[in-house]
1. Need pairs with beta-carbon distance below 6 Å; first residue within 12 Å of VAL12 (Cβ to Cβ) and of a type in the set (A, V, I, L, M) and within segment 35-54, second in a helix (DSSP H, G or I) and at pLDDT 95 or above; sequence gap 6+ or separate chains.
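The values are calculated or read from the model by the stated rules, or taken from the named source; none is laboratory data. Being a predicted model, the structure only gives us computed values, none of them experimental. Heads up, the Cβs are rebuilt from the backbone with ideal geometry, glycines too, and the neighbour counts pull from every protein chain shown.
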Amino acid sequence: MSQSKEMSMPEVIQEINRLAKIKKDRELTSEESAYREELKVLYLNYFRNGFEQQLKSTKVIDAQGNDVTPSKLKNEGDKYDKQK
């Protein structure tokens with residue numbers, strides 16, 4: 001069950017939900033529990049990376065239309081833009 005590293009986020013969510021349904025009916029085996037933990041870690045990594053990318057591409061604009069994005073965030077966003 002170590003193929004989880006190659007799964008997309010929707011596939012990870014689908015597997016987590018599948019295991020949750022099984023858990024409602026019966027106790028998970030130790031292998032299923034370990035797989036579930038592996039999926040949870042993978043899901044959190046996907047989530048954190050997506051959130052970080054979203055923050056790096058965020059601009060803060062004041063009421064006058066000026067870009068007031070903090071310089072630290074602006075520098076990280078510039079690095080992110082260059083990677084695209």
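1. The qualifying pairs are LEU39/VAL12; LEU39/GLU15; LEU39/ILE16; LEU42/VAL12.
Residue by residue, here is whether (1) part of a helix (DSSP H, G or I); (2) touching a helix residue (DSSP H, G or I) at 6+ places or on another chain (Cβ under 7 Å); (3) at pLDDT 90 or above; (4) surrounded by fewer than 13 Cβ atoms within 10 Å (Cβ to Cβ) holds:
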position: ARG36; (1), (2), (3), (4): yes, yes, yes, no
position: LEU44; (1), (2), (3), (4): yes, no, yes, yes
position: GLU76; (1), (2), (3), (4): yes, yes, no, no
position: ASP81; (1), (2), (3), (4): yes, no, no, yes
